[in-house]
Amino acid sequence: MTEEPQNDERVEPVEPADDYDPMIYDAMREAANRLRSLYVARQNEASSEEERQRWLEKQISVRVEADNVDTYSLGAVQELRASFVARFKAEER
């Protein structure tokens, strides 16, 4: 017979988790797309080739980050989504 955890005991999930809601991953990808689209707009508005290149490199960096996240790690996906959202908010101003 297994013992039920007491109210003050917490059961920590074991990483990586492969059974989390896939919409969490989709939300991370959507946040990446929003950030990349902001960088595309900035690239299109750039007044110099150096500035255009800088925005292009930021776009590529976001794509690489999203592609390289550990898709089985709920924590990694949530952390990256939060990072993309924070960067979007900071750039949007």
Review point. If you go through the range 42-54 one residue at a time, do you hit one that is without any contact (Cβ under 8 Å) to a residue 60 or more places away in the chain, closer than 21 Å to Met23 by Cβ, surrounded by 13 or more Cβ atoms within 10 Å (Cβ to Cβ) and out of contact with any Cys (no Cβ under 7 Å at 6 or more places or on another chain)?
Key: no
Exercise for review: Scan the range 52-77 residue by residue and report those that are polar (S, T, N, Q) and either modelled with pLDDT of 95 or more or under 12 Å from Tyr39 (Cα atoms) (or both).
Suggested key: Gln53, Gln59, Ser61, Asn68
Point to revise | Residues located in the range 41-93, provided they are polar (S, T, N, Q), more than 17 Å from Ala31 (Cα to Cα) and not in a loop (DSSP other than H, G, I, E, B) | key: Gln43, Asn44, Gln53
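The values are calculated or read from the model by the stated rules, or taken from the named source; none is laboratory data. All of these numbers come straight from a predicted model, not from anything done at the bench. Cβ: placed from backbone, ideal geometry, glycine included. Neighbour counts: every protein chain shown.
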